[in-house]
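Written out below as structure tokens is the structure these notes cover.
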Amino acid sequence: MSTHVLLLAPSANRVYAEAAIELTVAEVSVFAQTVLAGKVRDVAATTIAGLPCVGFDADELSTHDISMLSNVSSSYALFAVAGPDLLRPIEQRRLAWFDDDLITIPKYAGKTNEQFTHLLLNVTLLSSAWASSLVEGGLRVLDPLCGRGSTLNQALVYGYDVAGIDLDGKDFEAYAAYLRTYLQRKRIKHKLETIPVRRNKRLVARRLSGSVVARGERTLGIDVVHADTTAATDFFKQASFHAIVADAPYGVAHGSRTVSAGLRRSPLQLLADAVPGWARLLRPGGTLGISWNVHVARRQDAAEVLAAAGLTVLDEGPYERFRHRVDAAITRDILIGVRG
Ligand SMILES: C[S@@+](CC[C@H](N)C(=O)[O-])C[C@H]1O[C@@H](n2cnc3c(N)ncnc32)[C@H](O)[C@@H]1O
């Protein structure tokens, strides 16, 4: 057994301010109680030479265990404590089916922070029946409030098939344009088309559909719909996703764009209307991870919405420790529901 320390990327402090260490303790604790169960213990905040870090005790870590820990959202470097004043660096094995800039290039009002998007995807997947496949791929992830694609881009970097829905036409177009330009500029083989979706000869949605060949070897599906998320089951097959990850509207204006009636629903009402459909899209053992602003919906109320859709809410241990302040108007929290 030896003690390990995880050093956080400097950007984590800018994103989360004081909460960075506590959020990482909670995230590593979810790794510890799922894919690293019995191997990683006593996850806690610590300091090395005055630098705040996350420490834990671990038995011999396999290559697979190290791959898991390398993908902790705020991880910068991992060390084993080799003696007093002596740290042994452990080579990181981050998933990188695309370069990091796929995630970092887009900048727009209303973007869910990249590190937080990564954290929410991790915690959601780790809580599913496919937790140990996190680093292997072969998973299909939906963001039913995908905006301009921050979750989709993170899931592509992980080597997964991705799907999204958003009701904002400008977001849909911006994501389609960004992805096409990015893939062309990087000379990455892909086939993407925007197609109209008709029902009874009436146009009901637009769909960005196709595939991309990551690192020349893995073909990943892309399927993004411009539609109201409360109609998600009209566009995707039931029980077809391993995980669904959504950052709900914060109930505060991002810029001054005109919004349609669907976009004006209160965040809790939107969840109440949409979660039953999302739950049906999950495979048994699949998980729904949502984040939202607790100033506009209480945790208890959001949990009731998930439970009413037949999901088992994970509400103990580290799952209670993700609440953090974003700014004066937003305090964000996470809830995970599992489909039985
Ligand atoms: C907090 S933002 C998510 C941002 C996204 N994660 C990103 O980084 O681009 C919430 C999203 O929900 C979308 N939305 C709100 N109501 C919707 C609805 N009824 N159907 C589909 N999308 C909706 C908004 O357009 C917005 O893009």
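Rounded to the nearest 10 degrees, the inclination of helix 299-308 to the longest alpha-carbon principal axis of the chain is 60 degrees.
Between Ile188 and Lys107, what is the FRET efficiency for a Förster distance of 22 Å, r being their Cβ-Cβ separation, to the nearest 0.05? Efficiency for this residue pair is about 0.55. By the rule of a C-alpha distance below 23 Å, with chain neighbours fewer than 8 residues away ignored, the lysines paired with Lys191 are Lys170, Lys237. For the stretch 158-258, the share of accessible area belonging to carbon and sulfur comes to 48 percent (1.4 Å probe, ligands and nucleic acids excluded).
Rolling a 1.4 Å probe over the protein heavy atoms gives the stretch 125-280 an accessible area of 44 Å² per residue.
Pull out a ≥ b ≥ c, the square roots of the eigenvalues of the alpha-carbon gyration tensor of the stretch 2-90, then state rounded if a/c is under 1.5, prolate if not and a/b is larger than b/c, and oblate in the remaining case. Oblate is the answer for the stretch 2-90, as a/c is 1.5 or above yet b/c matches or exceeds a/b. For the chain, the longest principal axis of the alpha carbon atoms and the long axis of helix 267-281 meet at an angle near 90°.
State the Cα centre-to-centre distance between the stretch 289-304 and the stretch 122-166 in whole Å. If we compute the Cα centre of each part, the gap is 21 Å. Once a ≥ b ≥ c are taken as the square roots of the eigenvalues of the Cα gyration tensor of the stretch 176-314, is the result rounded (a/c under 1.5), prolate (a/b larger than b/c) or oblate (a/b not larger than b/c)? Prolate is the answer for the stretch 176-314, as a/c is 1.5 or above and a/b outweighs b/c. Restriction of the GluC sites (Glu not before Pro) in the stretch 125-228 to DSSP coil positions whose beta-carbon has at most 15 other beta-carbons within 10 angstrom yields Glu136, Glu217. Subtracting the Cα-Cα distance of Lys201 and Glu173 from 0.36 nm times their residue separation leaves 7.8 nm of extension gain. On a per residue basis, the stretch 2-90 carries 44 Å² of accessible surface, using protein heavy atoms and a 1.4 Å probe. Rounded is the label for the stretch 101-339, because a/c, from the alpha-carbon gyration tensor with a ≥ b ≥ c as root eigenvalues, stays below 1.5. Per residue, the average separation of C-alpha pairs within less than 8 Å and at least 6 apart gives the chain a relative contact order of 15 percent.
DSSP beta bridges confined to the chain are antiparallel in about 75 percent of cases.
The 1.4 Å probe gives accessible areas that order Leu208, Leu61, largest first, as Leu61, Leu208.
Near the amide H of Gly159, within less than 5 Å, lie the amide hydrogens of Trp97, all on another chain or at least 5 residues away, with H placed in the peptide plane. For the stretch 104-117, the Karplus equation 6.51 cos²θ - 1.76 cosθ + 1.60, evaluated at θ = phi - 60°, returns couplings of 8, 4, x, 10, 7, 5, x, 5, 6, 3, 4, 5, 5, 4 Hz by residue, with Gly and Pro reported as x.
When the trypsin sites (Lys or Arg not before Pro) in the stretch 283-340 are filtered for DSSP coil states and for at most 13 other beta-carbon atoms within 10 Å of their beta-carbon, the remaining sites are Arg298. Mind listing which chymotrypsin sites (Phe, Trp or Tyr not before Pro) in the stretch 93-160 are in a DSSP loop and have 16 or fewer other Cβ atoms within 10 Å? Passing sites in the stretch 93-160 are Tyr108. Once the Cβ-Cβ distance of Asp42 and Arg88 is raised to the sixth power relative to R0 = 25 Å, the FRET efficiency obtained is 0.85. In the chain, helices alone account for a calculated mean residue ellipticity at 222 nm of -8500 deg cm²/dmol, with every DSSP H run of four or more residues adding -39,500 (n - 2.57). Carbon-plus-sulfur accessible fraction, the stretch 2-90 (probe radius 1.4 Å, protein heavy atoms only): 56%. Were the residues from Ser11 through Ala239 laid out at 0.36 nm apart, the gain over their Cα-Cα distance would be 78.4 nm. Against the chain, whose longest principal axis comes from its Cα atoms, helix 20-33 is set at around 90 degrees. Each residue of the stretch 214-225 was assigned a 3J(HN,Hα) from its phi angle through the Karplus curve 6.51 cos²θ - 1.76 cosθ + 1.60 (θ = phi - 60°); the sequence is 7, 6, x, 9, 10, 8, 10, x, 10, 8, 10, 10 Hz, with glycine and proline shown as x.
The values are calculated or read from the model by the stated rules, or taken from the named source; none is laboratory data. Computed from a predicted model, the values in this text were never measured in an experiment. Every residue, glycine among them, receives a Cβ derived from its backbone with ideal geometry; neighbour counts consider all protein chains shown. When the accessible area is computed, the model is the full protein with side chains, heavy atoms only, and any ligands, DNA or RNA have been set aside. Shrake-Rupley method; radii C 1.70, N 1.55, O 1.52, S 1.80 Å.
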